[in-house]
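Student: First, the structure itself, so that you have it in front of you.
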Amino acid sequence: MKCPGQDPRYWKFDAIFDAECPNCGSKIEFFKDETRRKCKNCGEYVLNPKMDFGCAAHCKFAKQCFGDLPPELIKQKEDLFKDRVAVEMKMRLKNDFKRIGHASRVAGMVERLIGVDKTKPAVLFAAAYLHDVEPPVQSIDGKDVNHGDNAVAREILEKLDAPQELIEEVCSIIKNLDNPKGHESGELNLVYDAHLLASLQEKSKKGELNEAYLSEVIERDFLTDLGRSLAYEFVPNNTPHLQAGANL
């Protein structure tokens, strides 16, 4: 079932119209329900200027309604989902600015690590923002309570109507973030390195990094080449040996 704005039964005389190609200025004939058309003159794909994509930016049924979504809208959906996860994280952590700041730094490092290869940005950013939203582990009779079900992260993602597959993948990353080795997951490796970079950044700001510690972390802990390379940014000014290593 389509919404009235996309259902031909509700169309009027302006359902077919001409629009100007922003690339070459040629006229392009659009049907009201087309998301984009290819310009016959220059070959560029042009978004329908009269179509309101606002609801598609957050609706999980957008593909059924609009068909294949153009890259511009896919990017908009990704950015909106990422922002909504960040807002929910901040609402849950309330005045715990230390954890909010840490989660935001991890997400910032994810942004740098994924670069142009944004295969699963929704999964990566959700894991970055939500990896620390669970209540602190409490001790009962000397034994730690197991929070491995990631109940809070699940609740947030379900509230945002995230697909079940995404929820399971995010929760798996969070569950294995403390011990990622042995798990065949490029997404887990990337979030782990982002978390490690954020931790190094925090230590660097406090003046707690030294050559021996940073050298050991770079050599032993990083799971991606790009993560290892970015770690050299936090080399203290008085460690020329490691600074030289950044050029390797």
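The values are calculated or read from the model by the stated rules, or taken from the named source; none is laboratory data. Note that the coordinates shown come from a computational prediction; the quantities given were computed from them, not determined experimentally. Cβ coordinates were reconstructed from backbone atoms using ideal geometry, including for glycine residues, and neighbour counts include every protein chain displayed.
Student: Restricting to segment 183-206, name every residue that is in contact (Cβ under 8 Å) with a residue 12 or more places away in the chain and not in a helix (DSSP H, G or I).
Tutor: Ser185 - this is the single residue of segment 183-206 that is in contact (Cβ under 8 Å) with a residue 12 or more places away in the chain and not in a helix (DSSP H, G or I).
Student: Modelled with pLDDT under 85, of a type in the set (Gly, Ala, Ser) and in contact with a helix residue (DSSP H, G or I) (Cβ under 6 Å, 6 or more places away or on another chain): does that describe Ala62? Walk me through how you get there before you give the answer.
Tutor: Working: modelled with pLDDT under 85: yes; of a type in the set (Gly, Ala, Ser): yes; in contact with a helix residue (DSSP H, G or I) (Cβ under 6 Å, 6 or more places away or on another chain): yes.
In short, yes.
Student: Need the failing condition index for Asn41 against (1) modelled with pLDDT of 75 or more; (2) assigned by TED's automatic domain parsing to the domain that holds Ala198, just the number.
Tutor: (2)
Student: I need the full set of residues from segment 189-224 which are acidic (Asp, Glu), within 27 Å of Val123 (Cβ to Cβ) and more than 20 Å from the chain's Cα centre (by Cα), in order please. Even if it seems obvious, please write down each step before you answer.
Tutor: Residues of segment 189-224 acidic (Asp, Glu): 193, 202, 208, 211, 216, 219, 221.
Checking which are within 27 Å of Val123 (Cβ to Cβ) leaves us with 193, 202, 221.
Selection gives Glu202, Asp221.
Student: Considering only segment 80-110, state which residues are of a type outside the set (Lys, Arg) and touching a Pro at 6+ places or on another chain (Cβ under 9 Å). Before you say what the answer is, go through the steps one by one.
Tutor: First, pick out the residues of segment 80-110 that are of a type outside the set (Lys, Arg): 80-81, 83, 85-89, 91, 93, 95-97, 100-104, 106-110.
Residues satisfying the conditions are Phe81, Val110.
Student: While we're here: Which ones in segment 168-196 are in contact with a Gly (Cβ under 6 Å, 6 or more places away or on another chain) and within 14 Å of Gly227 (Cβ to Cβ)?
Tutor: Quick first cut of segment 168-196, residues in contact with a Gly (Cβ under 6 Å, 6 or more places away or on another chain) only: 175, 193.
Answer for segment 168-196, where residues must be in contact with a Gly (Cβ under 6 Å, 6 or more places away or on another chain) and within 14 Å of Gly227 (Cβ to Cβ): just Asp193.
Student: Could you say whether any residue in segment 162-175 is among the charged types (D, E, K, R), at pLDDT below 85 and surrounded by fewer than 16 Cβ atoms within 10 Å (Cβ to Cβ)?
Tutor: Applying the first criterion (among the charged types (D, E, K, R)) to segment 162-175 yields 165, 168-169, 175.
Remaining after also requiring at pLDDT below 85: none.
No, every residue in segment 162-175 fails to be among the charged types (D, E, K, R), at pLDDT below 85 and surrounded by fewer than 16 Cβ atoms within 10 Å (Cβ to Cβ).
Student: Hey, among the residues in segment 207-234 that are part of a helix (DSSP H, G or I) and of a type in the set (Ser, Thr, Tyr), which one's nearest to Glu111 (Cα to Cα)? Talk me through it step by step, then tell me what you get.
Tutor: First pass over segment 207-234, keeping only residues part of a helix (DSSP H, G or I): 211-220, 225-234.
When the remaining residues are screened for being of a type in the set (Ser, Thr, Tyr), the result is 213, 215, 229, 232.
On the way: Tyr213: 25, Ser215: 24, Ser229: 15, Tyr232: 17 Å.
Applying the filter and picking the extreme gives Ser229.
Student: Give me the pairs, please: first residue somewhere in segment 164-179 and closer than 18 Å to Val106 by Cβ, second residue anywhere and of a type in the set (Ser, Thr, Tyr) and assigned to a loop (DSSP other than H, G, I, E, B), beta-carbon distance under 9 Å, and either six or more positions apart or on two chains.
Tutor: Pairs that qualify, where the first residue is closer than 18 Å to Val106 by Cβ and the partner is of a type in the set (Ser, Thr, Tyr) and assigned to a loop (DSSP other than H, G, I, E, B), are Glu169/Ser185; Ser172/Ser185; Ile173/Ser185; Asn176/Ser185.
Student: Okay, moving on. Hey, among the residues in segment 1-28 that are farther than 16 Å from Lys50 by Cβ and in a loop (DSSP other than H, G, I, E, B), which one's modelled with the lowest pLDDT?
Tutor: Kept after step one, since they are farther than 16 Å from Lys50 by Cβ, are these residues of segment 1-28: 1-2, 9, 23-26.
If we keep only those that are in a loop (DSSP other than H, G, I, E, B) as well, we get 1-2, 23-26.
Details: Met1: 46, Lys2: 50, Asn23: 84, Cys24: 90, Gly25: 89, Ser26: 91.
If we take residues in segment 1-28 being farther than 16 Å from Lys50 by Cβ and in a loop (DSSP other than H, G, I, E, B), then Met1 is modelled with the lowest pLDDT.
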